[in-house]
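**Student:** Here's a structure for you.
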Amino acid sequence: MELADLTPLEAIYPSVRTTSKKALLQELSRRLSSTFGVEQRELFNALSERERLGTTGVGGGVAIPHCRMASVQRMCGGFARLEAPIDFEAVDSEPVDLVYVLIAPEHAGADHLKALARVSRVLRDRANCAKLRGAADVEAISAVLASQERPKAA
């Protein structure tokens, strides 16, 4: 499961302005609902319910909100870089400025966990995060995400 396959260009947002976790989840639900053909309110509710179980702010300025939805037929994701970091109740109490939303079919099971692990590996690497923070536009962000898919030469 490649991040580049999960994250189409139209689901990459290089400059999102928001003031709170709730407002961010609402904005990303609005944007991703049209991209992936899911109901905006249903997506927001699913992401919010997952946040009630525990924060998806994993530290280092990164959050990985995720959910499963019956109306989704395939795994999909979106990436947002925030104009200014916000409080996301992250595990390290640091504000968040890089957000990857993962949406999985209700029956995804192990595939959902594998995709979460892949996203987590990419976004827990400080060098990757620095590249994402410095990327000029959607294409550059996509290239950073895609570059993490290729094995490093020996």
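The values are calculated or read from the model by the stated rules, or taken from the named source; none is laboratory data. The structure presented is a predicted model; accordingly, all values stated were derived computationally and were not measured. Neighbour counts are summed over all protein chains in view; Cβ atoms, including those assigned to glycine, are modelled from backbone coordinates with ideal geometry. To get the accessible areas, we keep the full protein, side chains included, count just its heavy atoms, and leave off ligands, DNA and RNA. Shrake-Rupley method; radii C 1.70, N 1.55, O 1.52, S 1.80 Å.
**Student:** Need the failing condition index for residue 4 against (1) open to solvent by 80 Å² or more (accessible area, probe 1.4 Å); (2) modelled with pLDDT under 95; (3) outside any loop (DSSP other than H, G, I, E, B), just the number.
**Tutor:** Checking residue 4 against (1) open to solvent by 80 Å² or more (accessible area, probe 1.4 Å); (2) modelled with pLDDT under 95; (3) outside any loop (DSSP other than H, G, I, E, B), the one that fails is (1).
**Student:** Quick one: in region 91-133, which of the residues that are open to solvent by 10 Å² or more (accessible area, probe 1.4 Å), among the small types (Gly, Ala, Ser) and not in a helix (DSSP H, G or I) is farthest from residue 145 (Cα to Cα)?
**Tutor:** 93
**Student:** Separate question: Name the residues in region 75-85 that are in a strand (DSSP E or B) and either surrounded by 14 or more Cβ atoms within 10 Å (Cβ to Cβ) or free of Cβ contacts under 8 Å to residues at least 60 places away in the same chain (or both), would you? Break it down stepwise before answering.
**Tutor:** Keep residues of region 75-85 that are in a strand (DSSP E or B), which gives 76-85.
Passing the criteria: 76, 77, 78, 79, 80, 81, 82, 85.
**Student:** When you scan region 88-98, do you find a residue that is touching a Pro at 6+ places or on another chain (Cβ under 6 Å) and over 23 Å from residue 15 (Cα atoms), even just one?
**Tutor:** no
**Student:** Right, another one. If you check 38, 58, 72, which single one turns out to be of a type in the set (A, V, I, L, M), under 14 Å from the mean Cα position of the chain (by Cα) and either open to solvent by less than 60 Å² (accessible area, probe 1.4 Å) or at pLDDT 95 or above (or both)?
**Tutor:** Just a single option satisfies the conditions, and that option is 58.
**Student:** Here is a follow-up. Only one of 96, 119 is of a type in the set (Val, Ile, Thr) and under 17 Å from residue 67 (Cβ atoms); which?
**Tutor:** On the way: 96 fails: under 17 Å from residue 67 (Cβ atoms).
When all the criteria are applied, what remains is 119.
**Student:** Now for a separate question. Check region 54-63 and report whether any residue there is over 14 Å from residue 120 (Cβ atoms) and of a type in the set (A, V, I, L, M, F, W, C).
**Tutor:** No, because not a single residue in region 54-63 is over 14 Å from residue 120 (Cβ atoms) and of a type in the set (A, V, I, L, M, F, W, C).
**Student:** Of the numbered conditions (1) open to solvent by less than 10 Å² (accessible area, probe 1.4 Å); (2) outside any strand (DSSP E or B); (3) under 21 Å from residue 38 (Cβ atoms); (4) not polar (S, T, N, Q), residue 88 satisfies every one except a single condition; which is it?
**Tutor:** (3)
**Student:** Being assigned to a helix (DSSP H, G or I), in contact with a helix residue (DSSP H, G or I) (Cβ under 8 Å, 6 or more places away or on another chain) and surrounded by fewer than 18 Cβ atoms within 10 Å (Cβ to Cβ) is the filter here; which residues of region 8-25 pass it? Show your work before the answer.
**Tutor:** Step one: filter region 8-25 for residues assigned to a helix (DSSP H, G or I), giving 9-11, 21-25.
Filter again for in contact with a helix residue (DSSP H, G or I) (Cβ under 8 Å, 6 or more places away or on another chain), leaving 9-11, 21-22, 25.
Within region 8-25, 9, 10, 22 meet the criteria.
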